[in-house]
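Working notes, structure below.
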Amino acid sequence: MLCNSKTLARTPSCSRFMKTSSILTSFRGSGMMTCEPKKLGKDDKIVYIDGDWDMFNAKHIRILTEAKALGDFLIVGVHNDQLVAEKTKSHGNFPIMDLHERVLSVMGCKHVGDVLLDAPWTIGRDVISTLNLDIVVRGTRYIDDGDNEDIQRYKVPQEMKIFRTIDATNPSLTASSCSPVHDIIKRIQENRARFQARFRKKKAKEDAYYENKHSQLESSLRNDES
């Protein structure tokens, strides 16, 4: 079965099996179940939020903290490298970290109950029913034309009236600690440019110094010969 790149971001074929960390750890290479996935109470409210989570930082933690506060158990979807690259191609070569590195970063956050690896872009009824979601959350965007994208990818959660948005701004965080990845990369590039400028200036001084020494040596040798 072929899958739409905007839903599961794989070509030409893909599995619709929802891969979370607890499900994956329930299987060994033999395919035998070795442990039960973490059980939830029947009244527990499950919250879902997805994203690229590239270069995991304080802003991401703030978003996940607010998402977790909406329910009892938080599942975080992490988009694959190809999908992130497609959605951010106008900004440069992203993601900086690969899927596994980004997943490990998210799993290290204490607010996260489970992680959906290679999360689909469009959150359809199959995702909602498979993961038993009660709330679907949208945090900050990392793509252009986000409003138009949201119409399609969050259409089902909105129809089911389980869609929520989060304002992840927090005045207590410094500007540097909550900057999105694009701003971080911009600062790195600016620092690199400043370093290169200092290097060129230092090199010019060293070249002038050695040129002067060389001229003095040649002059001294000519005087000795005469």
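The values are calculated or read from the model by the stated rules, or taken from the named source; none is laboratory data. From a predicted model like this one, the values you see are computed outputs, not experimental measurements. Methodologically, a virtual Cβ is constructed for each residue, glycine included, from the backbone with ideal geometry; neighbour enumeration extends over all protein chains shown.
Residue count for segment 113-135 under the criterion of being among the aliphatic types (A, V, I, L, M) and more than 18 Å from ASN80 (Cβ to Cβ): the result is 3.
In segment 71-102, the residue that is nearest to ASP43 (Cα to Cα) out of those that are in a helix (DSSP H, G or I) and among the hydrophobic types (A, V, I, L, M, F, W, C) is LEU99.
When GLY31, GLY41, GLY71 are checked against the criterion of being at pLDDT 85 or above and among the small types (Gly, Ala, Ser), a single residue qualifies: GLY71.
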